[in-house]
Amino acid sequence: MMKPVDEKELGAAIAGAEGPLRIVGGGTRGVDCAGEVLSTAGMAGITLYDPGALTLVAKAGTPLAEIEAALASEGQRLPFEPMDHRGLLGTGGVPTIGGVVAANVSGPRRVQAGACRDSLIGVRFVDGRGEVLKSGGRVMKNVTGYDLVKLLAGSYGTLGVLTEVSFKVLPDVETSACVVLRGLDDRQALAVMARALGSPYEVSGAAHDGGRTMLRIEGFAESVAYRAGRLRELLGGFGEVGVLDDPVQVSAMWQDVRDVAAFQGREGDVWRISVKPSDAPDMVAGLGGDAVLYDWGGGQVWALMPQGADLRARMGDLRGHATLVRGDSFARFHPEPAGLARLSAGIRAQFDPRGILNNNLLNGVS
């Protein structure tokens, strides 16, 4: 395993590679592909944190827990609530901030605060030639014609190896509450979540799991109490509506949603499906799976399927894409349409002309 400690060593390792490289951070996301292991764990540490400017810069191998602790000490947080995959995947290791960016890991708060890439303001990385590139952050240098900040988020190391990332952060919330409805079927739950997210009450999480529909409200205590009460009134026509106002219990509830705790320890393949919320109930009805969890107001569906079941085939003609998060019977990522696949291949060829960076992660079974 190669474990460079700075960009110079990383560039030399990539430039001198004679075959494929498997890029890893903390090894918690279950990403597995062929090649010699190249770890970013040796490049760690917060290099800049300016609470007044709501800005944080850290090396890619920095543990996520270290970043969250530094932010918490100043009453701040990452806006996008990144998921911890370890319970779902049965992996060890320590999540790193580079891994979060590489996979664009975004939790339930995405419906309000956006995805990881929306908080990312700068990146430094080494491409497949061993050259250092940077974009955004405090110094702008982007002569490629691409929005590298957005491009690198979610690229899974196939365009370059991240060395440093920069974020805009947000103040933490004073308290939280959750409006809970029980006994709704999927269509009713989707209607409730749509109405809540379209309301003026600033819902920061909307999920449905096994007959329980959850709507999170966050902010200052007086505002949270007012908005939760008004939302409860708005949704009264859908049946029994309650309000959970213990912030500790609310936090635990949404951590379970974030980390898909309902599927942890259960046998079967786990799929994550991005779909138009209004199409989600019909799609789920055709899957024949063991369990589902709706998040992002229905725009993201987690499905627990029997091992080896071809979920993509069961989706039929519905528009959307499915990622195999846990399992090894199919390619991890949804096949791209021909035109998009050509575009993606062309971009990868620009940044990794030898095709050595996590390449078969995109081309075959993970």
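Based on DSSP loop calls and a cut-off of at most 16 other Cβ atoms within 10 Å, the longest stretch of the chain free of exposed trypsin sites (Lys or Arg not before Pro) is what?
1-128
Checking the a/c ratio against 1.5 first, then a/b against b/c, what shape does the Cα gyration tensor give for the chain?
oblate
For the cross-link pairs K8/K134; K168/K276; K3/K168; K59/K134, which exceed 21 Å when the distance is taken from alpha carbon to alpha carbon?
Too far apart for the 21 Å limit: K168/K276; K3/K168.
DSSP loop GluC sites (Glu not before Pro) in the range 1-76 with at most 11 other Cβ atoms within 10 Å of their Cβ, which ones?
Hits after loop and neighbour filter: E18.
About the Cα centre of the chain, how large is the charge dipole given +1 on each Lys and Arg Cβ and -1 on each Asp and Glu Cβ? Please answer in debye to the nearest 20.
That gives a dipole near 760 debye.
Are there chymotrypsin sites (Phe, Trp or Tyr not before Pro) in the range 280-366 that DSSP marks as loop and that have at most 15 other Cβ atoms within 10 Å, and which are they?
Within the range 280-366, the qualifying chymotrypsin sites (Phe, Trp or Tyr not before Pro) (loop, at most 15 other Cβ atoms within 10 Å) are F333.
No value in this document is a laboratory result; all are computed from the given coordinates. What you see is a predicted model, and the numbers here were worked out from it, not measured in a lab. All Cβ positions, even for glycine, are placed from backbone atoms using ideal geometry, and neighbour counts span all protein chains on display.
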